[in-house]
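Below is one structure, written out as structure tokens; the observations come after it.
Every number here is computed from the coordinates shown, using simple stated rules; none is lab data. All values derive from a computational prediction rather than experimental measurement. Positions of Cβ are backbone-derived with ideal geometry, glycine not excepted, and every protein chain shown enters the neighbour counts.
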Amino acid sequence: MAQAHAGGGHSATQAHMGGGHGAQGRPISWLSVLIICIGFTVGGIGLCLNPTWWLFWTGIGIIVVGGIMALACGIMEDYSCEEH
């Protein structure tokens with residue numbers, strides 16, 4: 001059984017799964033994550049195809065763009081362990 005936290009009364013399972021408040025983050029943050037995932041996919045395909053270096057580096061570029069977008073939109077501020 002999960003024990004309740006002293007401060008908020010949430011169980012450890014709820015705290016680990018976002019406190020029972022549903023999906024965390026703003027749509028722009030999720031778009032940034034999607035762009036980064038697409039970059040990893042493109043780069044991975046580039047490595048598997050003999051390797052095709054231009055496709056690999058294109059994937060790296062997409063990852064960098066997604067990372068800059070994530071930092072610019074404040075993605076790290078979307079999640080807080082404190083109850084709102």
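Fewest-first ordering of SER32, SER80 by other beta carbons within 10 Å of each residue's beta carbon gives SER80, SER32. Extension gain, CYS73-TRP54: 0.36 nm per intervening residue step, less the Cα-Cα distance, totals 4.0 nm.
Pairwise Cα distances in the stretch 25-75 exceed 13 Å in 52 percent of cases.
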